[in-house]
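Everything on this sheet refers to the single structure shown next.
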Amino acid sequence: MARWGRMRTSMAVGLAACLFSLAPARAEPAYIPLVRDYVETQVRPMVETPLVLKAIAEQNAQFRDVSEMDMRVLDETYRSEVDQHHLQMVKLLLDKSVSHYLKTRQDASQGAIVEFFVTDSHGLNVGQSTITTDYWQGDEEKYLRTFANGSREIFIDRAERNESTQMLETQASFVVMDDEDRPIGVAIVTIAIDAL
């Protein structure tokens, strides 16, 4: 009898292991495939243009030997200007032709794109459609989970409700490749999920 009890217990444990291994993995939120499709079909073609690729390549050449300390100083200067509404660096960025282009793409998105910017290989902003909170993205997940990781996947962050617009938003990031399929920077787009 004791042997039959042990056998029944091990069969139950084996059956449970089989059932749990067949259970679906934690499902991704419903907005993820929707955002991924939008980025692939709408956003990526906007980024893979000669204007954007040239702007990123030029900044990569300009900042080829920039140190992390220099990047942090640039970022702190930019943040300080934003906080004090003294927008010298921001104005220089927003006046670039690549920024004008990103702004027109944002405006034409019918509210789907809330913010649109591209970085160089270090994660420093090259062009931006609006004023961003910072200049260096190299220490953030949008850069670390894409460029720094060597990933070709689109990284889609957790969705959050924008308190001022009450729209559900997420940020999607992907590595920008040049004409020779080399990684040169990152494209980051904030998307209003409700507008898709």
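FYI, it's all coordinate maths here, none of it is from the lab. Worth saying up front: this structure is predicted, and the values here are computed from it rather than measured. Every residue, glycine among them, receives a Cβ derived from its backbone with ideal geometry; neighbour counts consider all protein chains shown.
Per residue of the stretch 102-113, in order, report the coupling 6.51 cos²θ - 1.76 cosθ + 1.60 (Karplus, θ = phi - 60°) as ³J(HN,Hα) in whole Hz, putting x for Gly and Pro.
4, 5, 5, 5, 4, 4, 7, 7, 6, x, 6, 9
From a point 7 Å beyond the Cα of residue 100 in the direction of its Cβ, which residues of the stretch 116-137 have a backbone N at a distance under 20 Å?
116-119, 126-132
Skipping prolines and chain starts, which residues have an amide H placed within reach, meaning under 5 Å, of the one on residue 126, given they are 5 or more residues away or on another chain?
Long-range HN contacts for residue 126: 118, 119, 120.
Please give me the summed charge of the neighbours of residue 167: other residues whose Cβ is under 14 Å from its Cβ, Lys and Arg +1, Asp and Glu -1.
-4
Starting from the 7 Å offset along Cα-to-Cβ, what nm value, one decimal, do you get for the label separation of residue 37 and residue 180?
It is 3.7 nm.
Could you please report the charge total around residue 83, scoring K, R as +1 and D, E as -1 over all other residues with beta-carbon less than 15 angstrom from its beta-carbon?
Residues close to residue 83 contribute a combined charge of -3.
For the chain, the longest stretch holding no GluC sites (Glu not before Pro) located in a DSSP loop with at most 14 other Cβ atoms within 10 Å is which?
49-152
Do the sum for the chain: with -39,500 (n - 2.57) for every DSSP H run of n ≥ 4, divided by all residues, what is the mean residue ellipticity at 222 nm, to the nearest 500 deg cm²/dmol?
-13000 deg cm²/dmol
When each pair of different Cα atoms in the chain is counted once in the 1/r mean, what is the Kirkwood radius in angstroms, to one decimal?
Hydrodynamic radius (Kirkwood, Cα only) of the chain equals 18.8 Å.
Taking the Cα centre as origin and putting +1 on Lys and Arg beta-carbons and -1 on Asp and Glu beta-carbons, what dipole magnitude results for the chain, to the nearest 20 debye?
It works out to roughly 1200 debye.
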